[in-house]
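The structure appears right after this line, and notes come after that.
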Amino acid sequence: MSDKIVEAPHALRRGILPDQFTRSLYACAPYRGCGHGCRYCDGRAEKYYVEGDFERDVEVRDNLPDLLAGELPRLRDRGMISFGSGVTDAYQPLEKRYRVTERCLGPLEERGWPVMAITKSALVRRDLEAWKRIDGRGGFHLAMTVTGTDEEHRRRFEPGASTYAERLETLSAFAAAGISTGALAMPLLPFINDDAASISALFGALKETGVRYIMPGGMTLRPGRQKDLYLETVGAFRAELLSEYLLAYAENRPSGAPTRAASAALRRRCSAELRKTGLPWTMPHALYAKLLPPHDAFRVLLRDMAVLYSERGVSVAPLNAAADRYDEWLKAVRGEFRRRRSLPEDWLRDRYMNAVELEELDSVLDNAKLAAFAKEIALKGRVFDYLSLALAEA
Ligand code: SF4
């Protein structure tokens with residue numbers, strides 16, 4: 001193990017639109033590489049250019065808290081900050097020693113910015129009190145990844161991460177503290193824990209912790225070092241499964257996705273089990289509407305609605321077209337806001353509210369029904385329910 005202490009050039013990576021998966025406009029990565037060492041981690045894929053041994057040569061961005069303390073006061077464009085990404089975990093084992101994530105919490109609390117963390121580690125519980133204070137200021141959301149219930153699988157495929165039981169206890173502790181939580185049940189491992197009975201056991205255990213949603217997902221295996229290491233692990237564990245994997249991933253797609261048939265079958269199994277829990281498949285509107293500014297929340301909502309309606313067999317071409325137009329509009333007004341530093345901090349929010357109120361959004365979306373829907377949300381504070389697909393009181 002050779003920890004690499006590096007000087008990060010900046011603390012926050014910012015987008016022009018919120019990321020649909022994390023709902024965040026900003027990403028903060030205290031480390032690069034990850035000692036959890038998940039055998040399927042796609043951060044190992046060549047695409048991400050993580051040099052050296054992914055789980056041993058982890059970069060520690062020790063100066064990140066200082067950078068963050070300097071950057072936050074200059075930040076005018078409000079949006080959620082996410083900790084954790086595909087190529088690192090902010091609460092991986094090195095965090096015990098270096099405490100880079102923990103040292104970021106002071107500046108976050110001080111500035112009252114909304115934050116979310118995605119992790120596979122119970123270490124996040126060490127900072128529960130600080131996250132509670134951040135939640136009371138700008139809002140905090142914890143997303144915990146839990147991929148199964150069988151510890152033997154966890155030891156083989158996620159050797160450096162917390163046990164499943166510890167992760168469930170952590171979710172319960174945060175929910176009991178009044179913090180919103182969600183679960184990422186991904187990746188479900190093909191032929192190992194993605195059958196209906198395993199999914200049912202996992203979703204049942206997650207629901208008991210008080211999560212607000214369960215986001216399931218299958219596994220991608222990008223050709224190259226990610227796929228090679230994973231198949232080597234499966235070979236040592238249950239060699240008889242290798243032929244099944246070779247068939248499911250025979251297409252060797254650059255995205256690493258399995259065959260369409262395998263993905264569709266997994267989706268059906270997850271949907272059936274999720275229905276039994278009564279929970280939505282992603283962070284619901286009622287939750288992110290409290291964390292995001294309204295212009296970003298509306299963007300996330302349009303994209304989620306396209307998925308929700310398409311799953312029910314409704315043609316979503318008009319919705320996607322409206323969402324594309326809205327994205328272009330939001331990028332343009334956000335670009336203007338960022339260029340003109342003399343504009344007041346609330347300018348972007350006010351710009352959106354005016355567009356809704358004064359019917360500019362009708363022409364942006366080119367869809368009067370959607371513009372009326374936006375009005376219900378922005379002006380009456382209503383939320384879209386992901387289960388009934390109807391507007392509801394917040
Ligand atoms: S916790 Fe996430 S980033 Fe870390 S090894 Fe596992 S999948 Fe990769």
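For the stretch 307-324, which positions are in a helix (DSSP H, G or I) and surrounded by fewer than 17 Cβ atoms within 10 Å (Cβ to Cβ)?
VAL307, TYR309, SER310, GLU311, ALA317, PRO318, ASN320, ALA321, ASP324
PRO65 - would you say it is loosely packed, with under 15 Cβ neighbours inside 10 Å and at pLDDT 95 or above?
In short, no.
Which residue pairs have Cβ atoms closer than 6 Å, lie 6 or more positions apart in sequence or on different chains, and pair a first residue in the stretch 104-121 that is in contact (Cβ under 8 Å) with a residue 60 or more places away in the chain with a second residue that is aliphatic (A, V, I, L, M) and within 16 Å of the ligand (Cβ to nearest atom)?
From residues that are in contact (Cβ under 8 Å) with a residue 60 or more places away in the chain, the pairs are ILE118/ALA143; LYS120/ALA161.
Just one of ARG212, ARG155 is without any contact (Cβ under 8 Å) to a residue 40 or more places away in the chain, surrounded by fewer than 22 Cβ atoms within 10 Å (Cβ to Cβ) and either among the charged types (D, E, K, R) or not assigned by TED's automatic domain parsing to the domain that holds GLN92 (or both); which is it?
Values: ARG212 fails: without any contact (Cβ under 8 Å) to a residue 40 or more places away in the chain.
Of ARG212, ARG155, the one residue that is without any contact (Cβ under 8 Å) to a residue 40 or more places away in the chain, surrounded by fewer than 22 Cβ atoms within 10 Å (Cβ to Cβ) and either among the charged types (D, E, K, R) or not assigned by TED's automatic domain parsing to the domain that holds GLN92 (or both) is ARG155.
Among the residues of the stretch 74-92, count how many are aliphatic (A, V, I, L, M) and within 13 Å of the ligand (Cβ to nearest atom).
Residues meeting the conditions: 2.
I'd like the full set of residues that are buried (at least 18 other Cβ atoms within 10 Å of the Cβ) and farther than 16 Å from LEU292 by Cβ, limited to the stretch 326-361.
Matches in the stretch 326-361: TRP329, ALA355, LEU361.
Here are TYR26, TYR31, TYR40: which of them is assigned by TED's automatic domain parsing to the domain that holds THR145, surrounded by 20 or more Cβ atoms within 10 Å (Cβ to Cβ) and more than 14 Å from the ligand (Cβ to nearest atom)?
Residue meeting the stated conditions: TYR26.
Filter the stretch 178-210 down to the residues that are outside any helix (DSSP H, G or I) and more than 21 Å from the chain's Cα centre (by Cα) and list them by number.
PRO190, PHE191, ILE192, ASN193, ASP195
Are there any pairs, at least 6 apart or on different chains, whose C-beta atoms fall under 7 Å, with the first in the stretch 59-81 and in contact (Cβ under 8 Å) with a residue 24 or more places away in the chain and assigned by TED's automatic domain parsing to the domain that holds ALA8 and the second of a type in the set (Phe, Trp, Tyr) and part of a loop (DSSP other than H, G, I, E, B), and if so, which?
Here the result reads LEU72/TRP113; ILE81/TRP113, each pair linking the stretch 59-81 to a residue that is of a type in the set (Phe, Trp, Tyr) and part of a loop (DSSP other than H, G, I, E, B).
Return the pairs, sorted by first residue and then second, in which the second residue is charged (D, E, K, R) and not in a helix (DSSP H, G or I), the first residue lies in the stretch 123-145 and is within 27 Å of PRO216 (Cα to Cα) and touching a residue at least 40 places away in the same chain (Cβ under 8 Å), the beta carbons are less than 6 Å apart, and the residues are 6+ apart or on different chains.
Within 6 Å, the pairs are THR145/LYS120.
Can we say PHE174 is without any contact (Cβ under 8 Å) to a residue 60 or more places away in the chain and touching a Ser or Thr at 6+ places or on another chain (Cβ under 8 Å)?
Yes: the conditions hold for PHE174.
So the check is Cβ under 9 Å with 6+ separation or different chains; which pairs have a first residue in the stretch 258-276 that's within 11 Å of ASP195 (Cα to Cα) and charged (D, E, K, R) and a second one that's loosely packed, with under 15 Cβ neighbours inside 10 Å and modelled with pLDDT of 95 or more?
Between residues of the stretch 258-276 that are within 11 Å of ASP195 (Cα to Cα) and charged (D, E, K, R) and residues that are loosely packed, with under 15 Cβ neighbours inside 10 Å and modelled with pLDDT of 95 or more, the close pairs are ARG269/ASP195; ARG269/ALA196; GLU273/ALA196; GLU273/GLY204.
Would you call GLU244 in contact with a Phe, Trp or Tyr (Cβ under 7 Å, 6 or more places away or on another chain), assigned by TED's automatic domain parsing to the domain that holds MET186 and more than 30 Å from ALA378 (Cβ to Cβ)?
On the way: in contact with a Phe, Trp or Tyr (Cβ under 7 Å, 6 or more places away or on another chain): yes; assigned by TED's automatic domain parsing to the domain that holds MET186: yes; more than 30 Å from ALA378 (Cβ to Cβ): yes.
Considered against the rule, which asks whether it is in contact with a Phe, Trp or Tyr (Cβ under 7 Å, 6 or more places away or on another chain), assigned by TED's automatic domain parsing to the domain that holds MET186 and more than 30 Å from ALA378 (Cβ to Cβ), GLU244 comes out as yes.
Working only within the stretch 352-390, note down all residues that are within 23 Å of TYR309 (Cβ to Cβ), of a type in the set (A, V, I, L, M) and in a helix (DSSP H, G or I).
Result: VAL356, LEU361, VAL364, LEU365, ALA368, LEU370, ALA371, ALA372, ALA374, ILE377, ALA378.
Could you tell me whether the stretch 100-122 includes any residue that is more than 16 Å from the ligand (Cβ to nearest atom), under 15 Å from the mean Cα position of the chain (by Cα), assigned to a loop (DSSP other than H, G, I, E, B) and in the same structural domain as TRP281 (by TED's automatic domain parsing)?
yes
Among the numbered conditions (1) over 30 Å from THR277 (Cβ atoms); (2) touching a residue at least 60 places away in the same chain (Cβ under 8 Å), tell me where VAL383 comes up short.
Failing condition for VAL383: (1).
Looking at GLU71, is it closer than 20 Å to GLY15 by Cβ and of a type in the set (Asp, Glu)?
Values: closer than 20 Å to GLY15 by Cβ: yes; of a type in the set (Asp, Glu): yes.
When the stated conditions are applied, GLU71 passes them.
The values are calculated or read from the model by the stated rules, or taken from the named source; none is laboratory data. Predicted model, so just to flag it, every value in this text is computed and none were measured. Methodologically, a virtual Cβ is constructed for each residue, glycine included, from the backbone with ideal geometry; neighbour enumeration extends over all protein chains shown.
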